[in-house]
Each structure stands twice: as C-alpha cells, then as structure tokens.
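Novice: I'd like to ask you about the structure that follows.
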Amino acid sequence: MLSPSQVIVLATPVFFALIAVEWIISARRKVHPYRLADALSSMSLGLMSQTSAVFTKLLTVGIYTAVFEHVALVRADAFWTSIPGWLIALLFYDFLYYWNHRLGHEVGVLWAAHVVHHQSQQYNLSTALRQPGSYALLSWLFYLPMALAGVPPLVFVVVGLIDLLYQFWVHTEQVRRLGWFDRWFCAPSNHRVHHAVNDPYLDRNYGGILIIWDRMFGTFKEEDDREPCVYGTRGLLKSWDPLWANASIYSQLAHDSWHTRGVADKLRVWLKPPGWRPADVAARFPKPAFVLDEHRVLFEPALSRGVTWFACIQFAALIAGAALFLWNADRAPLAHNLVWFAALTTGQWVLGACLQGRIGVWLALMIDCAALATATGALGLSDWHMVFKPAVMLLACAQVLSAQRAAPLDGAGHARPYSLRWLLVALQWSLVGDVCLMFASPAMFLPGLVSFLLAHIAYIVVLKRGMRWFADRRALVVTLALGVGMYGFLWHGGLPAELRIPVAVYVGVIALMAAQAWGRSREMQSPGALRVAVGASFFMASDTILAIDRFVQPVPHALFWVLASYFAAQTLIVHGLTAHRSP
C-alpha cells in the first residue's frame, strides 16, 4: 500500500499541470498573472512541508494510533470501512479541521505555524501548496476525538488526505462565483475571502470542504465585488527565505515573551490572538499601524535573466530530489533521511536567497555542491562525492573571479588593494587539500595538511590587508587557548610522533587566522566581516572534529559534521569577502 508521502509524490504532476494551465489562462486574460519568484517560493515551501512531515509522523499518526488502540471508547472497524462510515469519517474530520483552522487564526502559537500559508500576496494554485513545516507540532491534538470515537488510523489518514487535496483547487482567482455550490462548500470565492486582509474579510471562512461550518458558527462572509481582496498578512514577510517564513512569527512571539516584564504576559503572548502584545512591549518596540493600501504594493525584487534560469533549474532539481526522498523515506534509516533533508533544505534556502538577490548564481551553485558533497560523503556515495567535493572549490573560484571583475578600479585603472587574488590562492590550495583527503590512503594526510596550512596562510594575508594585526586581543587569547587545548587533547589522545610538529604548526596558524578574522570584524563592524569571522571559527570546529575522530576516538557521524562545518567555513568566508562585488 502506498504511504501518504508516496500519494503526494504521485499527485504532484497533477498539481503542477493544473498550475501550468492556470498560469497560461491568467497570462492570456492578463488578470492576476503569476509572478515567478512568488510562485517558486510558495511551491518550495510546499516541498519543505512534505519533506519535514517525514519526521513528524509520530505526532500526526503515531499518537493517534496509540490513543485509538488503548483509549478508544468504542471499536467498530467494520462500520468505519463501509461507505457510510467513510462519509461520516470525512464529515467528522472536516468538522475538526474547521476548529483546528479557526484556532490557528485565533491563538498566537498556532498562527505561528499556519501563517506560512497566508504569506503570499498572490492567490493562485501555487499558494495552495504553500504549507508550514511546523503544522504537525500541535495540530494532532485536534483530531484525537476521532481516535476516541474509534475511527481506525487508516481511515483517519485517508480522509485527511482527501480533505487536504480538495482544498487545492479553491486557491484561484480564475474561477468566480459558483451559485448554489458556494452556499454549501468551500469554493474559490469563499476561500479568497479567507486569505484577504481587508477588514470585512479578516478571519472568516475557515471551512475545509464544507462552508456550512462557518454559517453555523458565525464566521461566514460572502465575497463582495465592491471590496476586492488584498492578500498576504498584516505584517508582510517581504522575503523568499523558506526558513524565515516558517520561523518569523515564532521569533516575534519569543521576542515579546522575553522582553515583557509581566510573568503572566510571558505566557499570554503565545495564547492570545495574533497581533496581541503586552503593553510594556508595545511601548518599547512599537510596530506601524496596518494600512491596506501599503499591502497592495507587491514584494517583487528584480530578477536578471541568469537568475531566472537558475531559479527554474534549481526548482526542477529540488522537485526531483524531494520526490526521490519522499518515495523512499519510509524505508530509509533515520540518519539517511536527516542527511538528505538537510541537503534539500539547503537547496531551498539557496533558491530563496538567489531570488531575493542576497547571493549570486556562482555562490548559489557553490552552496548546492557543498550540500551534495556533504550528503554523498556522509552516506558513502564515493563516486558522487568525488564529483561534488572538488566542484565546491571550483565554483568558489568562479565566485571570486566574478567579484574581482566587479571590483572598483583606482585612478590608474587597476583593481584596488582588496582585489581577491590571495583569496583565489587560498581556495586553490584548499582544492588541493580536498583532493588529497578524498583518498583514504594515510600517505595523503600529510600533503593534505600542508595544502590546508598554505591555504590558511593565504587567508591570513587576505584578512590582514588594510587591517591591524589581531585588533581584538580577547579573540586572540581565546583562539590561542582553544588551539593549545585542542593540541594538548590530541597529544594525550595518541597523536603520532611524526605528526606532532606539523599539527602544532597547523593548529597555531588556524588559531591565528581565526583571531585575525575576529579582529577584522571588530574594526569593520560589517555583516560581511562577521561572516568571515564565523567562517574562520567553523574552520577550527571542522579541524577539531576531524582530528579527534582520526587520532583520539570515533565521533558519531564524524564525516557529516566535518564536511558540513568545513563547507560552512568556506562559504561564509567567500560570501563575506565577495558580497556586493559580484552580479
């Protein structure tokens, strides 16, 4: 039998085919046309919600099954698997969904999850796929009455999928009123009202399949042609970052809960309706009043042709990767699922960052390859690893060359002193070190160590350019102390005698590089310099894990942590030194 994840995989081509049809229709009618970045962002969030759901089945199905098996008030499995039983179960689920959905708009912590679905300023079929990754954390509570009533888990899962899939088609502006159908069912007109932020429409029409629940409980509002719907949230996200989309309201709630002086208010923040804030926090951290006309202005950073092509190819690759992940997730070990989920999430962040102009295409490709190199290395896919790992440094060099071409010139037409030639040297020696360490031969360890030593010396040259030596003395003391501590631990843990001097030199150089990076950050006080300093610290972490695993004792999943921290270091340094210098 197919799992729910596999059902979603099989339904995905249908979703995308219908989105393509709506895209063509809206373009021909020139009415509510799609915007590429918004559509890709919404669909990417849909992918994230499905891949993250692999890890929340214990909440969504596991707890339900336990309650059904041990606490159900009555067991009548034969009835629930009959046609009347299926229909009643669907009606039961839709009723509970209404209350889940309604409280998702009326309780702050529930809104923090559900808000993802409402963040788009457009309303089309791609919006239907825009789902939260944290929805399952609390939503399972609402469906326990079905378990108590004895509805079997299989029936619960199937009717839940039916309820979810039904709601896809109602997210469109290309279908207008449907007469009698609108009076009974959730239809496009009814659900447009639900997504609108206009005062008359706010927090209305919660029904999933049936709209009669809203009519019964006083939350129904009919669409009014004199009041066109304006979509989004009251407090626009203005970002294509999928991680921030999921975390933004949680962050706001945590901020207000932390800063309020009232003990009870620290809890009320999470339970009160969205927008409620303690008086002391509202006074200290005021927010602008809601103005509807400001929400009519769409968030739409400009996209170059290159970024457009990259975004489309990246999204197609993410779809393929997510489909493979979901199809095999139920049979794969948890560790494998976590590794591939991390790789997919990284790719989705890259897509959003590129669409928003936060990173360029070369850096985006570098991060993609870093994620794939980490995953393939950690899972023992050596052939693929030997492709992706060197590709990371080659793409980093391409990013630096692109930044160098964009660097301003002095009066004589020469690149200014901060031209990035020494960064290229560092990356090239890093590439040599990567190639050496890809081979399992112990004879390659020392050449790899020397290559990275030369890379770190080149990094120090880059970081010293135009700066004082070790401007942050506290950072110097801390990094040297950490270096001495790490070396002492390795010495007593069994570091071979022939490596003691080379490793001591290496540890000293990398500690000095990190100290210089933090001093540079203190002097420059810029986000780019901070990225470089954090990246240098990741270098120390990566080398520490590698050395402990190799010379002292095995570290669980060591290769994953070594590669992840190493590529994080390289990415942060390259990004910090090339930001705003490449197209």
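Novice: Specify the angular offset, from 0 to 90 degrees and rounded to the nearest 10, of the alpha carbon long axis of helix 4-29 from the longest principal axis of the alpha carbons in the chain.
Specialist: The angle comes out at about 80 degrees.
Novice: Compute the acute angle (0 to 90°) between the alpha-carbon long axis of helix 473-493 and the principal axis of greatest extent of the alpha-carbon atoms of the chain; round to the nearest 10°.
Specialist: The helix 473-493 is inclined about 80 degrees to the chain.
Novice: Against the longest principal axis of the chain, how steep is helix 500-524, in degrees 0 to 90 to the nearest 10, with axes from Cα atoms?
Specialist: 60 degrees
Novice: Where a Cα-Cα gap under 14 Å defines reach, which aspartates and glutamates qualify for K272, not counting those fewer than 8 residues away within the same chain?
Specialist: In chain and number order, the partners are E106, D256.
Novice: Projected onto the charge dipole of the chain (+1 at Lys/Arg Cβ, -1 at Asp/Glu Cβ, origin at the Cα centre), which of L449, G306, C436 gives the Cα projection farthest towards the positive end?
Specialist: Of L449, G306, C436, it is L449.
Novice: Near the amide H of L210, under 5 Å away, which other amide H atoms are found, from residues 5 or more places off or on another chain, if H is placed in the peptide plane?
Specialist: Under 5 Å from the amide H of L210: C186.
Novice: Separate question: Round to a whole number: what % of the accessible area of the chain belongs to carbon and sulfur, probe 1.4 Å?
Specialist: Numbers: 18670 of 27070 Å².
Reported share for carbon and sulfur atoms: 69 percent.
Novice: Sorting check: for 564-570, 60-66, 43-49, which peptide has the highest mean count of neighbouring beta carbons within 10 Å, and how do the rest follow? Walk me through the numbers on the way to the answer.
Specialist: On the way: 564-570: 24.0, 60-66: 16.7, 43-49: 25.7.
In descending order of packing, they fall as 43-49, 564-570, 60-66.
Novice: Follow-up question, since we're still on this one. Which value in deg cm²/dmol, rounded to the nearest 500, describes the helix-derived mean residue ellipticity at 222 nm for the chain, given -39,500 (n - 2.57) per DSSP H run of n ≥ 4 and division by the residue count? Numbers along the way, then the final one.
Specialist: Working: 27 runs with 386 residues, N = 583.
Helix-only estimate at 222 nm: -21500 deg cm²/dmol.
Novice: Relative contact order of the stretch 4-174, please, whole-number percent, based on alpha carbon pairs below 8 angstrom and at least 6 residues apart. Mind dumping the intermediate values first?
Specialist: Details: 183 pairs, mean separation 63.0, N = 171.
Contact order relative to length: 37 percent.
Novice: Subtracting the Cα-Cα distance from 0.36 nm times the residue separation, let me have the gained length for V291 to L243 in nm, one decimal. Let's see the in-between values first.
Specialist: On the way: separation 48, 0.36 × 48 = 17.28 nm, distance 2.65 nm.
My answer for the length gained is 14.6 nm.
Novice: Would you list W213, W518, W362 from the most to the least accessible area, probe 1.4 Å? List each step's numbers first, then the result.
Specialist: Numbers: W213 20, W518 80, W362 110 Å².
Result, largest first: W362, W518, W213.
Novice: Note down the magnitude of the dipole of the chain about its Cα centre, charges +1 on Lys and Arg C-beta and -1 on Asp and Glu C-beta and zero elsewhere, to the nearest 20 debye. Walk me through the numbers before you get to the answer.
Specialist: Details: 44 positive and 34 negative charges, 290 e Å.
The dipole of the chain has a size of about 1400 debye.
Novice: Could you pull the Cα extents of the stretch 200-307 along its three principal axes, largest to smallest, in whole Å?
Specialist: In descending order, the Cα extents are 52, 45, 25 Å.
Novice: At a Förster distance of 35 Å, what's the computed FRET efficiency of A443 paired with A66, Cβ-Cβ distance as r, to 0.05?
Specialist: Details: r = 55 Å, r/R0 = 1.57.
Plugging the Cβ-Cβ distance into 1/(1 + (r/R0)^6) gives 0.05.
Novice: If packing is taken as the average number of other Cβ atoms within 10 Å across a peptide's residues, how do 10-22, 228-240 rank, most packed first?
Specialist: On the way: 10-22: 14.7, 228-240: 18.1.
Highest to lowest by the protection proxy: 228-240, 10-22.
Novice: Efficiency by 1/(1 + (r/R0)^6): what FRET value for R474 and A558, r their Cβ-Cβ distance, R0 = 35 Å, to the nearest 0.05?
Specialist: Values: r = 31 Å, r/R0 = 0.87.
E(calc), rounded to 0.05, equals 0.70.
Novice: Now for a different question. If we sort 571-579, 80-88 on the protection proxy, mean other Cβ atoms within 10 Å, highest first, what's the order?
Specialist: On the way: 571-579: 23.9, 80-88: 13.8.
Going from most to least packed, we get 571-579, 80-88.
The values are calculated or read from the model by the stated rules, or taken from the named source; none is laboratory data. As the structure is a computational prediction, the values presented were derived from the model and not from experiment. So basically every Cβ, Gly included, is an ideal-geometry build from the backbone, and we count neighbours across all protein chains shown. These accessible areas exclude ligands, DNA and RNA; they are computed on the full protein's heavy atoms, side chains included. Shrake-Rupley method; radii C 1.70, N 1.55, O 1.52, S 1.80 Å.
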